[in-house]
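Here is the structure we will look at, set down as structure tokens.
The values are calculated or read from the model by the stated rules, or taken from the named source; none is laboratory data. On a predicted model such as this, the values are computed, not experimentally measured, just so you know. Virtual Cβ from ideal backbone geometry, glycine too; neighbours counted across all protein chains shown.
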Amino acid sequence: MALYEHVMIARQDLSNAQAEGLIEHFGAVLADNGGKLVDSEYWGVKTMAYKINKNRKGHYAFLRSDAPSAAVQEMERLMRLHEDVMRVLTIKVDAHEEGPSVQMQKRDEREPRRERRA
């Protein structure tokens, strides 16, 4: 099975519990199709750079999965059909990073940026 990372943006008028319920729902979709949800993070409500469907903000969620491509395709299909999900990005990765994502780390915990070359 392949490793994937997904970022999902849900409508801003959902409650936090409903947004986290979407994570569980799509994790169950993966499990039903032979995959598994390795890890998930709820990033909270964030302001977007531009409006999507007349929404200025959205609930962001991050999912790590280990699933066959058919399971990921089915999950993405259901996400596109779901009225609460505005955008989805799926990336195939070679390995999952340990610990929380960069979005959840505090600034002082992150690795320092590299120097720019002139």
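Of all residues in region 36-52, those satisfying the criterion of being in contact (Cβ under 8 Å) with a residue 40 or more places away in the chain and either farther than 21 Å from Ala17 by Cβ or over 15 Å from the mean Cα position of the chain (by Cα) (or both) are Val38, Ile52. Out of Arg64, Arg56, one residue alone is of a type outside the set (A, V, I, L, M, F, W, C) and either closer than 20 Å to Ser101 by Cβ or touching a residue at least 60 places away in the same chain (Cβ under 8 Å) (or both). It is Arg64. Consider Ser65 carefully, then state whether it is surrounded by fewer than 13 Cβ atoms within 10 Å (Cβ to Cβ), hydroxyl-bearing (Ser, Thr, Tyr) and in contact with a Lys or Arg (Cβ under 9 Å, 6 or more places away or on another chain). It is false that Ser65 is surrounded by fewer than 13 Cβ atoms within 10 Å (Cβ to Cβ), hydroxyl-bearing (Ser, Thr, Tyr) and in contact with a Lys or Arg (Cβ under 9 Å, 6 or more places away or on another chain). Can you say whether Ala49 is more than 15 Å from Leu3 (Cβ to Cβ), in a strand (DSSP E or B) and in contact with a helix residue (DSSP H, G or I) (Cβ under 7 Å, 6 or more places away or on another chain), as far as the supplied structure shows? Taking the combined requirement at face value, the residue does not satisfy it. Within region 66-81, is there a residue that is modelled with pLDDT of 90 or more and part of a strand (DSSP E or B)? Looking for residues that are modelled with pLDDT of 90 or more and part of a strand (DSSP E or B), one finds at least one in region 66-81, hence yes.
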